[in-house]
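The values are calculated or read from the model by the stated rules, or taken from the named source; none is laboratory data. Keep in mind it's a predicted model, so treat the numbers as computed, not measured. In this analysis, Cβ positions are derived from the backbone assuming ideal geometry, glycine residues included, and neighbour counts consider all displayed protein chains. The accessibility values were calculated without ligands, DNA or RNA, using every heavy atom of the protein model including side chains. Shrake-Rupley method; radii C 1.70, N 1.55, O 1.52, S 1.80 Å.
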Amino acid sequence: MPPGGHGMGFGPGSRNFMSEEEKKNLPQVTPELLRRVFSYLTPYWKQLALTLLCIVFSSIMSLMPSVLTGKIIDEGLIGRDFNKLIMYIVLSLAVTAGANLIGVAESYLNTWIAQHITFDMRNQMYSHLQSMSQRFFTSNNQGDIITRMTSDIDGVKTVISGTFTSILSNSITLVVALIAMYQKNWILATVGIIIVPLFTIPTRKAGQKRWSLTQEAQACNDEINGILGETMSVSGQTLVKLFCKEEYEYDRYEKANRRMIELNIKESMAGRWFRVILTTITSVGPMLLYLVGGILMLRYDSDLTVGDITVLVALLGRMYGPVNSLLNIQVDWMRSMAMFSRIFEYFDMPVEIQNAPDAITPDHAEGSVEFKHVNFYYEPSRQILKDVTFKLDTGHSIAIVGPSGSGKSTLVNLIPRLYDAVSGEVLFDGINVKKIDLTFLRGNIGVVTQDTYLFNGTIRENLLYVKPDASEAELVDACERANIYDFISNQPNGLDTMVGNRGLKLSGGEKQRLSIARVLLRDPALLIFDEATSALDSISERKIQDAIDPLVSSRTSILIAHRLSTILAADEILVIKDGEIAERGKHKDLVKAGGVYTELYETQFKGAMEPAEEEPEPDEPIGWDGGGSYSGPHRVRRRAAEKRVHMEEDFRIYGDSYEEFREEMMRDSERGY
């Protein structure tokens, strides 16, 4: 594109009008918004000043060859002066080269400024989002967050290097062209000014029509892709065949495909008509100037020359783009402001959880936890925790049980301040967590969740994420205590084994044990296990339990669990129901109390105590589905037997006879407990 000519803005693929949705969401452009936008330009004012100079010189110089063309015709060709002919041709080439070189410098400065501004905005946005509470990430769509970070901020580059530059360049080009035209002949200049708007109106109409057809075609294409996605998948094809819907789905696809073809033809013809209109109108302007110029020269003996008319025609051609662009600048401007508004909307979201101005950083952490009349909700209409009060002393452990959705995970999330309590106090080592330095607080709390997240890298890289300076001996020790080192040592690459995206190359149990090793490497004062074994098979569960048991007995721990052996390992059990502590105490006392815990015990564990019906397994087990699992009654009996074995293991660990415990529970049941 020539310097000074920043696009004509009416190509078949461009859209210089606003959709109905854009019109509905127009931002309110206030002085405050403009000041905020231009505040990102302020640090680069020197580069902006150079850019402005480049735009001015390139815009003026880009018009010079058109003016020199008149000299070449009048003085060189018609005047038969060879020296002037050569001089003006060389000068024209030199000016063109100079304008292009200045245009390169302008382009570099534009790109440099735009890239640095987006660099600043990305860093600011990422830092801001990192400081947001967990509430922000659970209540906002992840795709929208990523869009603000990527597409919206990337759009700033277009605004800086496109919209702002286009306004300056096109304005300067238009002013210089008008001055040059009026210097030549005011009548022809006025005719040119009248013609230019007539050029822009039909091209805008044609562009709107083609854009509308493009949108319809895209919607139709999405519909076709949806049909293909539904019916060409394994599950979709199975459903279609089982319900004999082949003909129905074919008709649905054929109808959408036919509509797509019709829209494509209309869009193609609209584009063709657009080019016809564009070519015709661009030819009308020069013809009118030649006609009016010829009349002035032949009928009124004007002092116009052929060169003057040629210059005016050339300058008219250079005006089409700037005029069309400036007529549509409101659309580009409003889109730019809308984009900045979306970015600022995130910047303006308050940081709910941050360090207090006088935050305390203790010398060391003991790990004790105390809740004092804590209340919490995500929305005022739905209370999650109600007047929760308990204390966990250093070196002790608490198991938290309760129905799904009772607030167990929310409760432990208040300790590392993923959320803040609405009222009441959460104390860590006797200090309100809101007064403790966040880095210190979270650095002394280790959390193992049900949904383990691993980065796409090696085992070593995932471990070093929490402690970059950990030695090889520390890594091995953490893995041994997490009961995962045997697995790692059997891998060809050991600690340098790749885990895949989100750890997909590892089993659920392996990921969970690696997560425990990662937490142990941090050596936290408080350990929190949030349903760490709930989604695993029995073998993986046993291995993780073997890793957890010594940890619970050796340091301050909170366990949210469904496994009886884990619950029994705790010094105290808290039973949460509807956000309140419904019961608390030891296992045997709570079972006999006949409350919520008894109900949980009856539904989750008692069935496992009944002897499994023994049945010889055939060579190929009944219900074997060929994929490594059992189905039907055989699977139920097998799982019951496995669960009974786990129960026996649980009570063997804690010194109780399974049969004695079962008989005791039966007697309690007969007595009405």
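Residue by residue through region 121-151, note down the ones that are more than 28 Å from SER39 (Cα to Cα), in contact with a Leu (Cβ under 9 Å, 6 or more places away or on another chain) and either open to solvent by less than 60 Å² (accessible area, probe 1.4 Å) or not aromatic (Phe, Trp, Tyr) (or both). Once the filter is applied, which keeps residues that are more than 28 Å from SER39 (Cα to Cα), in contact with a Leu (Cβ under 9 Å, 6 or more places away or on another chain) and either open to solvent by less than 60 Å² (accessible area, probe 1.4 Å) or not aromatic (Phe, Trp, Tyr) (or both), region 121-151 yields GLN134, ARG135.
How many of the residues in region 490-510 are on the phi < 0 side of the Ramachandran plot, assigned to a helix (DSSP H, G or I) and at pLDDT 85 or above? Full working, then the answer.
From region 490-510, those on the phi < 0 side of the Ramachandran plot are 490-493, 495-499, 501, 504-510; that's our starting set.
Now drop any that are not assigned to a helix (DSSP H, G or I), which leaves 495-496, 501, 508-510.
Remaining after also requiring at pLDDT 85 or above: 495-496.
Qualifying residue count for the region: 2.
A Cβ distance below 8 Å, combined with a sequence gap of six or more or placement on separate chains, defines the contacts here; from region 433-450, residues that are farther than 16 Å from ASP420 by Cα and at pLDDT 90 or above reach residues that are of a type in the set (S, T, N, Q) and open to solvent by 10 Å² or more (accessible area, probe 1.4 Å) in the pairs PHE440/THR361. Looking only at region 557-604, which residues are assigned to a strand (DSSP E or B), of a type in the set (Val, Ile, Thr) and open to solvent by 10 Å² or more (accessible area, probe 1.4 Å)? ILE581 - this is the single residue of region 557-604 that is assigned to a strand (DSSP E or B), of a type in the set (Val, Ile, Thr) and open to solvent by 10 Å² or more (accessible area, probe 1.4 Å).
Take the conditions in contact (Cβ under 8 Å) with a residue 24 or more places away in the chain, under 30 Å from THR410 (Cα atoms) and surrounded by 15 or more Cβ atoms within 10 Å (Cβ to Cβ) and apply them to SER169. Does it pass? Reasoning before the result, please.
Working: in contact (Cβ under 8 Å) with a residue 24 or more places away in the chain: yes; under 30 Å from THR410 (Cα atoms): no; surrounded by 15 or more Cβ atoms within 10 Å (Cβ to Cβ): yes.
In short, no.
Within region 275-284, is even one residue open to solvent by 40 Å² or more (accessible area, probe 1.4 Å), without any contact (Cβ under 8 Å) to a residue 24 or more places away in the chain, part of a helix (DSSP H, G or I) and closer than 17 Å to LEU188 by Cα? So far as region 275-284 goes, yes, one or more of its residues are open to solvent by 40 Å² or more (accessible area, probe 1.4 Å), without any contact (Cβ under 8 Å) to a residue 24 or more places away in the chain, part of a helix (DSSP H, G or I) and closer than 17 Å to LEU188 by Cα. Taking region 134-150 as the range and being within 29 Å of ILE415 (Cα to Cα) and touching a helix residue (DSSP H, G or I) at 6+ places or on another chain (Cβ under 8 Å) as the test, the residues that pass are GLN134, PHE136, PHE137, ILE145.
Would you say ILE488 is farther than 30 Å from ASN413 by Cα and surrounded by 13 or more Cβ atoms within 10 Å (Cβ to Cβ)? For ILE488, the condition - farther than 30 Å from ASN413 by Cα and surrounded by 13 or more Cβ atoms within 10 Å (Cβ to Cβ) - is met. Looking only at residues in region 59-79 that are farther than 16 Å from ALA180 by Cβ and either among the polar types (S, T, N, Q) or in contact (Cβ under 8 Å) with a residue 24 or more places away in the chain (or both), the one that is surrounded by the most Cβ atoms within 10 Å (Cβ to Cβ) is GLU75. Only a single criterion out of (1) farther than 30 Å from THR394 by Cβ; (2) at pLDDT below 85 is not satisfied by GLU352, namely (1).
Residues of region 451-489 that are of a type in the set (Val, Ile, Thr) and in contact (Cβ under 8 Å) with a residue 24 or more places away in the chain: THR452, THR458, ILE459, VAL466, ILE484, ILE488. Among the residues of region 518-566, the one identified as in contact with a His (Cβ under 7 Å, 6 or more places away or on another chain) and at pLDDT 80 or above is THR556. Taking ASN141 and the conditions (1) touching a Lys or Arg at 6+ places or on another chain (Cβ under 7 Å); (2) free of Cβ contacts under 8 Å to residues at least 24 places away in the same chain, which numbered condition does it fall short on, given that it satisfies the others? Of everything listed in (1) touching a Lys or Arg at 6+ places or on another chain (Cβ under 7 Å); (2) free of Cβ contacts under 8 Å to residues at least 24 places away in the same chain, ASN141 misses just condition (1). Return only the number of the condition from (1) open to solvent by less than 30 Å² (accessible area, probe 1.4 Å); (2) under 25 Å from ILE567 (Cβ atoms) that PHE347 does not satisfy. PHE347 satisfies all of (1) open to solvent by less than 30 Å² (accessible area, probe 1.4 Å); (2) under 25 Å from ILE567 (Cβ atoms) except (2). Of the listed requirements (1) crowded, with 16+ Cβ neighbours inside 10 Å; (2) touching a helix residue (DSSP H, G or I) at 6+ places or on another chain (Cβ under 6 Å); (3) not aromatic (Phe, Trp, Tyr), ASP477 misses just one: (2).
Please specify each residue of region 78-104 satisfying the condition of being of a type in the set (S, T, N, Q) and either more than 44 Å from the chain's Cα centre (by Cα) or more than 11 Å from MET61 (Cα to Cα) (or both).
First, pick out the residues of region 78-104 that are of a type in the set (S, T, N, Q): 83, 92, 96, 100.
Within region 78-104, ASN83, SER92, THR96 meet the criteria.
Whether a residue is over 19 Å from the mean Cα position of the chain (by Cα) and either closer than 30 Å to SER283 by Cβ or not in a loop (DSSP other than H, G, I, E, B) (or both) was assessed, and ARG342 does not pass this test. When THR361 is tested against the conditions (1) touching a strand residue (DSSP E or B) at 6+ places or on another chain (Cβ under 9 Å); (2) open to solvent by 30 Å² or more (accessible area, probe 1.4 Å); (3) under 27 Å from GLY585 (Cα atoms), the lone failure is (3).
Here region 306-342 is the region considered, the condition is being surrounded by 20 or more Cβ atoms within 10 Å (Cβ to Cβ), among the β-branched types (Val, Ile, Thr) and modelled with pLDDT of 80 or more, and the residue that is nearest to MET149 (Cα to Cα) is VAL313. Screening PRO380 against (1) within 35 Å of the chain's Cα centre (by Cα); (2) buried (at least 18 other Cβ atoms within 10 Å of the Cβ) leaves a single unmet condition, (2). One residue stands out among those in region 385-430 that are open to solvent by less than 50 Å² (accessible area, probe 1.4 Å), in contact with a Gly (Cβ under 9 Å, 6 or more places away or on another chain) and modelled with pLDDT of 90 or more: the one that is farthest from GLY579 (Cα to Cα), which is ASP429.
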